[in-house]
Amino acid sequence: MLTNLCIENIAVIEKTEIEFADGMCVLTGETGAGKSMIIDSVNIISGARTNKSLVRYGTDKASVTAVFDVGEGFPYFEELGIDAEDGQIIIRRDITADGKSVCRINSAITPLSTLRAVAQRLVNIHGQPDNQNLLNPAKHIEFLDKFAGNGSLLEEYGVCYGELADIKRKIKELDTDEKERAEKIDFLTFQVGEIENAKLKKGEDELLEEQRAVISNAEKISLAVNTAYGNLYDSSEIRPAYDGISIAVSALEDITEYDTKIQAIYDKLSGIMYDLEDCTRELNDYARGVEYDENMLDEIEGRLDLINRLKMKYGGTTEAVLEFCENAKKALENITHGDELKAELKAEYEKKLAELSGIAAKLTASRKKAGEVLRKEIERSMHELDMKGAGFCVDIKNSGDFSPTGRDEVEFLISANAGEPLKPLVKTASGGELSRVMLSIKSILADVDDVDTLIFDEIDTGVSGSAAQKIASKLSHIAHHRQVICITHLASVAAMADAHYLIQKKVKDGKTSTSLKRLDHDNRVCELARIIDGSDITEAAVRHAAEMLSHAEKMKK
């Protein structure tokens, strides 16, 4: 359950901290006091999208911190890499003035995807958009699948559906007319022949470029090598370096026994002399191999020109050209043997289609079974919510075609009054009826989701009188085994709360801020009287509020 919510610099909220109780928690306040900001804050720590407009004007950063008591449920969170051994999960999300956000779970920076996965098991928020989803028949199948627990079956179906689509795509690629097929064969044959005739080798172009550089600069290279050789080893004009070092080595050889320092110098010079001898031998060998060969240079230039043209056409490197050739040969083979391949793909398609049909049939059976149970549960719940003669139906039809969710079309139908035919929700339900149907669905799905905290944002919209009292009783009943947090404008709902919080907006020094506090019994009476009578509270409203609280306590007991 949600035990603590700390909000800083979110819209009109400068800083407020809420210690939530278990059971049914109700938040009330004047219109525009900032009740929606509480819902927005919970959405923020649930992984909803954020933007800079949420950050309070004149501040650099906003933050929301929520503390959840998960009790014995921490093994699930450990699978997500969340350490919850103390039975607590602390979520914090910071939003900067430029709209960026950072998520933390138990102080560790966490990806948004992980935050959403964790929050999904902690809190479920119902707001007005959920009522709109209920009016959208395309969303009804999602409600039913969640109730039926079809998650793994849908995942299996989705994999098979994707594989079938891939096979279908391959068959379509092979379904070309004869003229187009012949043109493709000619073109691919030309491409493969052009590359194979070139007999390319990996790294060949780099080696040829080196050879071209040597031949093109043969005279310059020869002069430099001979000069180096003469100065190091053999020259009639100067004493070569090798001779000087050789004399020095000979001079030191006879005195090495007298001093270890001389021995060290002698060893170094000897090493240099031997290395120099190797270098001069290599220079001499290299010099004999350097010559300007115009014919060879022309051959290299021609070969490089061919390779570069192929690189420009087929990929940029010799490796890419060779890879292109292999792919072209495979494509050519597929087209050449297209009929055989198509026959194989069609056989595979039929096999995969049968597999998909089997999974779709399982989904349909599961939905029909769950639909009947859901119908009974929702009808029972609607009757409890003062819709005595209402009927409900989960209409499941076979669409004939395969879709990403199966072959079923699901729509919720309702009869608001006894004797009326079942009709689509969008054509029948009023705002109050829609709220009660949604409350019924939410209360039923709460057990499926296994979420400890349910938040209802004005679930009582469009209802009054006995219907409002029944909604209050329903929320209180859910709160026996779930924490319920509810924003309401109805006194009958607020009276059933186990903990009542008042949201107020104040203006100080020209700045608006919102605060929140938990009410004691006397203050609850005053707040209920305000909800009943408006700003001019009468004694009759106060008496009525006190009676409502007393009656609510008796009902809860």
task = For Ile485, enumerate residues with amide H under 5 Å from its amide H, sequence gap 5+ or separate chain, H modeled in the peptide plane.
result = Cys25, Leu454, Ile455, Phe456
key: Cα→Cβ-extended label distance, 7 Å offset, between Ala108 and Lys376, nm   = 4.5
task = For the stretch 471-557, divide the Cα radius of gyration by the Kirkwood radius and give the resulting Rg/Rh value with two decimals.
result = 1.02
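For the stretch 79-173, state which GluC sites (Glu not before Pro) are in a DSSP loop and have at most 13 other beta carbons lying within 10 Å of their beta carbon.
Passing sites in the stretch 79-173 are Glu85.
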message = Among Tyr229, Thr114, Ser46, which residue has its Cα furthest toward the positive end of the charge dipole of the chain, with +1 on Lys/Arg Cβ and -1 on Asp/Glu Cβ?
response = Ser46
note = In the stretch 260-399, taking the dipole from +1 charges on Lys and Arg beta carbons and -1 charges on Asp and Glu beta carbons about the Cα centre, the listed residue (His337, Val394, Cys279) farthest towards the positive end is Val394
remark   = With +1 at each Lys and Arg Cβ and -1 at each Asp and Glu Cβ, the charge dipole magnitude of the stretch 351-470 around its Cα centre, to the nearest 20 debye, comes out at 640
Total formal charge among the other residues, if their Cβ is under 15 angstrom from that of Ile531, Lys/Arg +1 and Asp/Glu -1 = -3
Protection proxy ranking of 90-96, 187-193 - average other beta-carbon atoms within 10 Å, highest first = 90-96, 187-193
query = Given +1 on the Cβ of Lys and Arg, -1 on the Cβ of Asp and Glu, and no further charges, what dipole in debye does the chain carry about its Cα centre, rounded to the nearest 20?
reply = 4260
query = Of the chymotrypsin sites (Phe, Trp or Tyr not before Pro) in the stretch 285-382, which ones lie in a loop per DSSP and count no more than 12 other C-beta atoms within 10 Å?
reply = none
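Mind jotting down a quarter of the surface of the convex hull over the alpha carbons of the stretch 247-376, in square nanometres, one decimal?
Computing the convex hull of the Cα atoms and averaging its projections yields 25.8 nm².
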query = For the chain, what is the accessible area per residue in Å², given a 1.4 Å probe and the full set of protein chains?
reply = 54
request  = Could you check how much of the accessible area of the stretch 426-498 is carbon and sulfur, as a whole percent, using a 1.4 Å probe?
outcome  = 49
request  = Could you tell me which of Asn136, Ala416, Val321 has its Cα farthest along the dipole of the chain towards the positive end, charges placed at Cβ (Lys, Arg +1; Asp, Glu -1), taken about the Cα centre?
outcome  = Ala416
inquiry  = Could you give me D for the chain, from Stokes-Einstein at 25 °C and 0.890 mPa s, where the hydrodynamic radius is the Kirkwood radius over C-alpha pairs? Units µm² s⁻¹, please.
reply    = 77
task = For the stretch 26-66, state which trypsin sites (Lys or Arg not before Pro) are in a DSSP loop and have at most 15 other beta carbons lying within 10 Å of their beta carbon.
result = Arg49
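So how strong a dipole does the stretch 1-74 carry about its Cα centre when Lys and Arg Cβ are +1 and Asp and Glu Cβ are -1, to the nearest 20 debye?
Approximately 440 debye in magnitude.
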message = Could you work out [θ]222 nm for the chain from helices alone, using -39500 (n - 2.57) per DSSP H run of at least four and dividing by all its residues? Round to the nearest 500 deg cm²/dmol.
response = -19000 deg cm²/dmol
Base-10 log of normalised Debye intensity for the stretch 307-441 (one unit scatterer per alpha-carbon) at q = 0.08, 0.15, 0.19 Å⁻¹ = -0.50, -0.84, -1.05
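The values are calculated or read from the model by the stated rules, or taken from the named source; none is laboratory data. Quick caveat: nothing in here was measured; it's all calculated off a predicted structure. Note that we place each Cβ from the backbone using ideal geometry, even for glycine, and neighbour counts take in every protein chain shown. Quick note on the areas: whole protein, heavy atoms, side chains included, nothing else; ligands and nucleic acids left out. Shrake-Rupley method; radii C 1.70, N 1.55, O 1.52, S 1.80 Å.
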